[in-house]
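Asks: Below: one structure in structure tokens.
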Amino acid sequence: MLAFTQSYMFERPYLPLIPAFPMFLCSVAFNFIGDGLRDALDPRQTK
């Protein structure tokens, strides 16, 4: 999706943000889920 918008980037600079923003949100969500699971399931964690 980003490669498709690359040809229109100079005409409409906001166009790559449309597919990039959901991908960014998914990566942040997976990061938070992974951190939460590690905190909940790590037996060696000191509190």
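Read the figures in this text as sums done on the coordinates, not as results from a lab. For clarity, every value in this text was computed on a predicted model and none was experimentally measured. Positions of Cβ are generated from backbone atoms using ideal geometry, with glycine treated the same way; all protein chains shown enter the neighbour counts.
Asks: Quick one: in region 23-47, which of the residues that are charged (D, E, K, R), outside any loop (DSSP other than H, G, I, E, B) and over 30 Å from Met1 (Cα atoms) is nearest to the chain's Cα centre (by Cα)?
Replies: Restricting to residues being charged (D, E, K, R), outside any loop (DSSP other than H, G, I, E, B) and over 30 Å from Met1 (Cα atoms), the top hit is Arg38.
Asks: Please verify whether Ala20 is assigned to a helix (DSSP H, G or I) and either touching a strand residue (DSSP E or B) at 6+ places or on another chain (Cβ under 9 Å) or exposed (fewer than 10 other Cβ atoms within 10 Å of the Cβ) (or both), treating the condition exactly as stated.
Replies: no
Asks: With respect to Tyr8, determine if the residue is in a loop (DSSP other than H, G, I, E, B), out of contact with any Asp or Glu (no Cβ under 8 Å at 6 or more places or on another chain) and surrounded by 10 or more Cβ atoms within 10 Å (Cβ to Cβ).
Replies: Taking the combined requirement at face value, the residue satisfies it.
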